[in-house]
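Reviewing the structure listed below.
Just so you know, all these numbers are worked out from the coordinates, no wet-lab data involved. The structure presented is a predicted model; accordingly, all values stated were derived computationally and were not measured. Ideal geometry is used to build each Cβ from the backbone, glycine not excepted, and the neighbour counts take in all protein chains shown.
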Amino acid sequence: MSRIPRVACCLAALLAAPTLAADKVSDGVVKIGVLTDMTGYYSDLAGPGSVLAARMAVEDFGGKVLGKPIQLVSADHQLKADVASNTARKWFDQEQVDVIADLVSSSTAGAVMPVAAEKKRITLLSGPGTTAFTGEKCTAYNVHWTYNNWALANGTGREVVRQGGDTWFFVTADYIFGRSLEEDTSKVVKAAGGKVLGFARHPSPGTTDFSSYLLQAQSSGAKIVGLANAGADTVNCIKQANEFGVTPKQSLAGLLVFITDVHSLGLDTAKGMYLTTAFYWDLNDDTRKWSQRFFEKHKKMPTMVQAGVYSSIMHYLKAVQAAGTDDADAVMAKMKATPVNDFFAKNARIGPDGLLRHDMYLARVKAPGASKKPWDYYEIVKTIPAAEAFPTVEQQACPLAKK
Amino acid sequence: MQALFGQLLVGLINGSFYALLSLGLAIIFGLLNVVNFAHGAQYMMGAFAAWMAATYLGIGYFWALLLVPAAMGLVGVAVERLLLRRLYGLDNLYGLLLTFGLTLIAEGLFHQAYGNSGSTYPVPAALRGGVNLGFMYLPIYRAWVVVVSVVVCTASWFVIERTKLGAYLRAGTENPRLLQAFGVNVPLMFTITYGFGVALAAFAGVMAAPVYQVTPLMGSSLIMVVFAVVVIGGMGSIAGSIFTGLGIGLVEGLTRYLYPEASSVVVFVVMALVLLVRPAGLFGRQR
């Protein structure tokens, strides 16, 4: 089926060859696709905010690269792997999309990455967390930009164990992301001398009542209930844990918590919780300046995913400019050769495995009294330097990096 | 053993929500022959209305429990008068499509206005805290949900099975034309019934607001199970929907104890089995 468009592409490429050689930008346009969850459970932490962040990046870059226009398209993958990979195929084969950003939810990212690698187009992951995307599932055309589960597990997990939370029970979203997060955190807990007493896995997305999973957590007697899920699942878990008296007898460790989750929970429910984040709007003047611009358009402060989408697209466009072409191999080489320096990351580098290693932050949610202004939610407990925040290339099982 | 009791009690609590929601669906289907796909959205709107009343108007939970179903009932009346009424002569697929469309519109509007992370509605002060039953910690609010649901379901059953209005309703289900010939205003009854069904959905929404995050998608995750409950109980059977709602909650609880991975599909397995043995549902009659 896919042969006809491919043949058509080849013919078109042959016909266009003379002009291509002259300007080095395929099809005379650099096209960026934002593939995200526009209406579902992750649409607040990524979704329209990710599209806005991408648009801001294109505008800030000036709307043109190498004299050719930059176009932005976006689509809703509805958190479905098949919808995501079909959209990606359509974008690559028929709409000349050069790069896909965000890809929130690991199930969709995992479906799109092989398609992109096959077609030699770039993926910039900001939303998903699965560590294996730069490990055994790594591809030569992928960059994992914002965070991964390993970083979350090490940031939050290690700190919680250090403070005496040495027995854990996991409430896990039953798909690749949740299982990966549970696995990474279990390793950290055990390495730090803690014990994992058990887990309960819930279907996701679509579960709203977590009481039965929380009951299991309660009867396990673990000091810490680790939430290996995201978005609405985490929010409902935290809310119902309060209701069922899980807290304060046991403590919750939200392994992936976004600022939008804290906003919708309210500080009264979320206060005191530790979390690991790649970005907070109120870190310094640069983050405040960018976030304020984002806020004026979106009416919500950016999540780390949305900030990461901006940062990744900016870096991509700079690499296209520097490479003098939008050819994926040349651009990837340039992206990996150039350190990232912007409001999101300082002196960060993309490894041969495709993982962007940058500083992460361990934060604690403020109590309502300590919050002085709107969206003043986090107290930054410590900065985790890039070398500690992410696994080394050797720790990753990426076949590309082994050569 | 403790874990089993805990899971069964949680199942009963969830079953109370299923019963409240499937009751409304069953009443509407029984009389109007309309598969009200908007039921989940109406439940969601009930929860949102409670949250909005508290946030913008300072109206508390107990007032919301009265006012929100009344207001949503009026919305239901308007929908029936303006839209649904035009479809009665047609195949009931049209009613399903209309209500499905209404669901998409309502979810889209709330998504646009409030996003999908949702908002938190506090548990009312009078119902906070919980009791330790030995085998589990039971939040008082959850106990309240079970009690209220049983009371409302019993009252609805009583009205339908034991009063004159209910007798008209049941007669209308059997043969609306004959009933009209006796001088009963059947179109008005249709309107009131739809309004009441919607009010029940909104009531369940207000009940759910303090337990679940109030989000535009809260109805869509529940409605599939509720439809299955109605089918198992027998389309249009009032008592069937109540007992099946509670029963499915218990079956889910039992499954969570025995084999947790199957807990989200067990309801559909039960549905398939029931349809094989009794195509009209447990309490349904062949038409």
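Between residue B:82 and residue B:175, the contour length at 0.36 nm per residue exceeds the Cα-Cα span by 31.1 nm.
Nearest-5 percent of antiparallel DSSP beta bridges in the protein assembly as shown? Intermediate values should be presented prior to the final figure.
Values: 19 of 54 bridges.
Counting only bridges with both partners in the protein assembly as shown, antiparallel ones make up about 35 percent.
Rg of the Cα atoms in the range A:67-118, relative to 2.2 N^0.38 Å, amounts to 1.12.
Taking a ≥ b ≥ c as the square roots of the eigenvalues of the Cα gyration tensor of chain A, is the shape rounded (a/c under 1.5), prolate (a/b larger than b/c) or oblate? Walk me through the numbers on the way to the answer.
Working: a/c = 1.94, a/b = 1.74, b/c = 1.12.
Prolate is the answer for chain A, as a/c is 1.5 or above and a/b outweighs b/c.
In this simple spin-label approximation, residue A:190 and residue B:261 carry label points 7 Å from Cα along the Cα→Cβ vector, and these lie 2.0 nm apart.
Starting from the range B:83-139, pick out the trypsin sites (Lys or Arg not before Pro) whose DSSP state is loop and whose Cβ has at most 14 other Cβ atoms within 10 Å. Each step should come with its number before you reach the end.
On the way: sites: B:85, B:86, B:128; in loops: B:128.
Of the trypsin sites (Lys or Arg not before Pro), the ones in loops of the range B:83-139 whose Cβ has at most 14 other Cβ atoms within 10 Å are B:128.
For chain B, adding -39500 (n - 2.57) for each run of n ≥ 4 DSSP H residues and dividing by the number of residues yields -24000 deg cm²/dmol at 222 nm. Hydrodynamic radius of the protein assembly as shown by the Kirkwood approach over all distinct alpha-carbon pairs: 26.9 Å. The residues packed around residue A:234, meaning those with a beta-carbon under 14 Å from its beta-carbon, carry a net charge of -3 if Lys and Arg are +1 and Asp and Glu are -1.
Compute the Kirkwood hydrodynamic radius of the range A:106-160, taking the inverse of the mean of 1/r over all pairs of distinct Cα atoms, and give it in Å to one decimal.
Working: mean 1/r = 0.0860 Å⁻¹.
It works out to 11.6 Å.
Computed from the Cβ-Cβ distance with R0 of 51 Å, the FRET efficiency linking residue A:162 to residue B:63 stands at 0.60.
In chain A, helices alone account for a calculated mean residue ellipticity at 222 nm of -13000 deg cm²/dmol, with every DSSP H run of four or more residues adding -39,500 (n - 2.57). Spin-label model, residue A:120 to residue A:394: label points 7 Å out along the Cα-to-beta-carbon direction sit 3.4 nm apart. Highest GNM mean-square fluctuation among A:287, A:134, A:108, for chain A modelled with Cα contacts below 10 Å: A:287.
Just so you know, the Rg over Rh for the range A:141-294 is 0.97, from Cα atoms, with Rh as the Kirkwood radius. Pairwise alpha-carbon distances in the range A:17-160 exceed 17 Å for 61% of all pairs. By the gyration tensor of its Cα atoms, with a ≥ b ≥ c the square roots of the eigenvalues, what is the shape of the range B:168-271: rounded for a/c under 1.5, prolate for a/b over b/c, or oblate? Oblate, since a/c reaches 1.5 and b/c is not below a/b.
How charged is the neighbourhood of residue A:215? Take every other residue with its Cβ under 13 Å from the Cβ of residue A:215, and add Lys/Arg as +1 and Asp/Glu as -1. Spell out each step's value before the answer.
Working: positive: B:142, B:256; negative: A:209, A:243.
After counting each charged neighbour, the total is 0.
Output needed for the range A:281-332: three equivalent-ellipsoid semi-axes, defined as square roots of 5 times the C-alpha gyration tensor eigenvalues, in descending order, whole Å.
Working: eigenvalues 158, 21, 16 Å².
So the equivalent ellipsoid measures 28, 10, 9 Å along its semi-axes.
Evaluating kT/(6 pi eta Rh) at 37 °C and 0.692 mPa s, with the Kirkwood radius of the range B:59-138 over Cα pairs in the Stokes-Einstein relation, gives 199 µm² s⁻¹.
Please identify the helices of chain A, taking whole runs of DSSP H, that span at least 18 Å along their own axis as judged from the Cα atoms and have a mean Kyte-Doolittle score of -0.5 or higher.
Counting only whole DSSP H runs, the qualifying helices are A:3-23, A:47-61, A:106-119, A:176-191, A:304-323.
The ranking of A:213, B:212, A:141 from fewest to most other beta carbons within 10 Å of each one's beta carbon is A:141, B:212, A:213. With the cut-off at under 15 Å, measuring from each backbone N in the range A:57-86 to a point 7 Å along the Cα-to-Cβ line of residue A:29 picks out A:63-65, A:68-75.
On full extension of the chain, what length is gained from residue A:376 through residue A:298, given 0.36 nm per residue of separation minus the C-alpha to C-alpha distance? Show your work: numbers first, answer last.
Working: separation 78, 0.36 × 78 = 28.08 nm, distance 1.70 nm.
Using 0.36 nm per residue and subtracting the Cα-Cα distance, I get 26.4 nm.
When the Cα positions of A:344, A:277, B:230 are compared along the charge dipole of the protein assembly as shown, B:230 comes out farthest toward the positive end, with charges on each C-beta of Lys, Arg, Asp and Glu. Three principal axis extents describe the C-alpha atoms of the range A:310-403; from largest down they are 52, 31, 16 Å.
Over every pair of different alpha-carbon atoms in the range B:2-277, take the mean of 1/r and invert it; report that Kirkwood radius in Å.
Numbers: mean 1/r = 0.0522 Å⁻¹.
In the range B:2-277 this quantity evaluates to 19.2 Å.
Here the simple spin-label model places points 7 Å from the Cα toward Cβ, and for residue B:74 and residue B:275 these points are separated by 4.0 nm.
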